[in-house]
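These notes are about the structure you will find just below.
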Amino acid sequence: MLPKEQLTRINELANKSKAEGLSLSEQAEQKKLREAYLAAFRGGMRNHIEGLKVVDEEGNDVTPDKLKEIQKEKGIHDRS
């Protein structure tokens with residue numbers, strides 16, 4: 001996740017944008033910060049999903065093969 005200072009700045013720019021508008025440099029800064037936020041969010045989501053292990057009601061591992069391959073490459077869930 002992004003540092004707290006960057007999240008605070010994103011919120012400041014959003015509030016200023018709604019209240020009075022942003023200068024061109026502030027718009028560029030806002031765009032850059034949003035892109036960084038989305039990249040961090042997507043990376044965290046990817047790590048979360050790649051760490052999942054899907055199990056059915058009977059306790060059988062039914063994780064999709066594509067995900068198993070990713071887990072094998074990363075050494076997650078003792079996939080070999």
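Readers should treat all values here as calculations from the given coordinates under stated rules, not as data from a laboratory. Computed from a predicted model, the values in this text were never measured in an experiment. Note that each Cβ is placed from the backbone with ideal geometry, even for glycine, and that neighbours are counted across all protein chains shown.
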Cβ-based net charge around Lys74, under 14 Å, with every Lys or Arg adding one and every Asp or Glu removing one: +2
Taking 28-40, 53-65 and ranking on average Cβ neighbours within 10 Å, highest first, one gets 28-40, 53-65
Which lysines have a Cα lying under 30 Å from the Cα of Lys4, excluding residues fewer than 8 positions away in the same chain? Lys16, Lys18, Lys31, Lys32, Lys74
Once the Cβ-Cβ distance between Ala40 and Val62 is put in as r, and R0 is 35 Å, what FRET efficiency do you end up with, to the nearest 0.05? 0.70
Relative contact order (%) - the chain, alpha-carbon pairs under 8 angstrom, separation at least six: 22 percent
Between [x] 3, 13, 17, 14, 10, 8, 8, 8, 9, 6, 3, 1; [y] 3, 19, 32, 27, 13, 5, 1; [z] 3, 11, 14, 14, 10, 8, 5, 5, 9, 13, 7, 2, which entry matches P(r) over Cα pairs in 5 Å bins from 0, in percent as derived from the coordinates of this structure? [x]
